[in-house]
1. What about Ala45, is it modelled with pLDDT of 95 or more, surrounded by 14 or more Cβ atoms within 10 Å (Cβ to Cβ), of a type in the set (A, V, I, L, M, F, W, C) and in contact with a strand residue (DSSP E or B) (Cβ under 8 Å, 6 or more places away or on another chain)?
2. Checking Phe74 against (1) modelled with pLDDT under 90; (2) closer than 19 Å to Gly128 by Cβ; (3) surrounded by 15 or more Cβ atoms within 10 Å (Cβ to Cβ), only one condition comes out false. Which one?
3. Looking only at residues in the stretch 178-189 that are part of a loop (DSSP other than H, G, I, E, B) and touching a strand residue (DSSP E or B) at 6+ places or on another chain (Cβ under 9 Å), which one is nearest to Tyr29 (Cα to Cα)?
4. Can you tell me how many residues within the stretch 153-195 are β-branched (Val, Ile, Thr) and on the phi > 0 side of the Ramachandran plot?
5. If I ask for residues that are farther than 20 Å from Arg60 by Cβ, loosely packed, with under 15 Cβ neighbours inside 10 Å and not aromatic (Phe, Trp, Tyr), which ones from the stretch 165-185 would you list?
Amino acid sequence: MKKTLLTILFFALVQVGYGQWKREWSVGYAQAAPMGRMEQTVNNAHGIALDFYLLAPSKRYAVGVDLSYSIYGFSESRQQYSFSDGTTADMDINVSNSILNGMLSARYNLVKDKALTPYVGIKGGYSGFQTNLNIYDPDDTDNCEPVETDLLLADGTWTYSIGGGLSYDLSSVFKKMRSEFLFINLSTYYTQGGDIDYMNSNQSHTNHSNMPSRSQDLEATFINTQTQVTHKHHVGNVYTNALQMIDFRLSVAFRSR
């Protein structure tokens, strides 16, 4: 009986403590700019970022999770493609390169109870790079569903990020809005990770043979319907480098009472 009462008391205290932490959700635009040797072989990535934080009662620090998805390369061409049943047809071939990040995050507010709040932060997690092939029927003008899909390349690495930003309380502009409800958030983080294989389809026709980071060519198999000769179509070059990027974000954040 005594252990049961202690257990109930423990969870009650945890619930009370958690209830004092404010919840904050944010959504916004993310841009990742490559650095170092990656800068020579990959374009800027553009996408969306989603965050969830728990803000301590002291309003000094917050912990949470950080998710982002961005595209750093895309190419489109029309090719004669052979299907598994032996038929062939002209198809629109789309090759896209994307990055998916998932991180745990912590930040420390340098001031509190101010309209403009500067902060510093650190993140740690995993970054995954993918190259996907999607084949669309050119007669399907909406491209609502690909005829065939294929994952050409996938790799990932553990990463960490350090940086900071500014959070602006919009109640300073909209006087009828309650304070600490809606924010504009601008941040910059430096991200470092291990070696990773990645491709940039936007540079598939550029000669990078003199670049030491190039590891292989990436190809997809097609067929010439007149000669019935199967051939490989070059869709991009694969590179290997340590992950180095600068992440810029502009987001809108909502905070609970």
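The values are calculated or read from the model by the stated rules, or taken from the named source; none is laboratory data. None of these values were measured; they are calculated from a predicted model. Virtual Cβ from ideal backbone geometry, glycine too; neighbours counted across all protein chains shown.
1. For Ala45, the condition - modelled with pLDDT of 95 or more, surrounded by 14 or more Cβ atoms within 10 Å (Cβ to Cβ), of a type in the set (A, V, I, L, M, F, W, C) and in contact with a strand residue (DSSP E or B) (Cβ under 8 Å, 6 or more places away or on another chain) - is not met.
2. The number of the failed condition is (3).
3. Only one residue tops the list, namely Phe181.
4. Matching residues across the stretch 153-195 total 0.
5. Within the stretch 165-185, Ser172, Val173, Lys175, Lys176, Met177, Arg178 meet the criteria.
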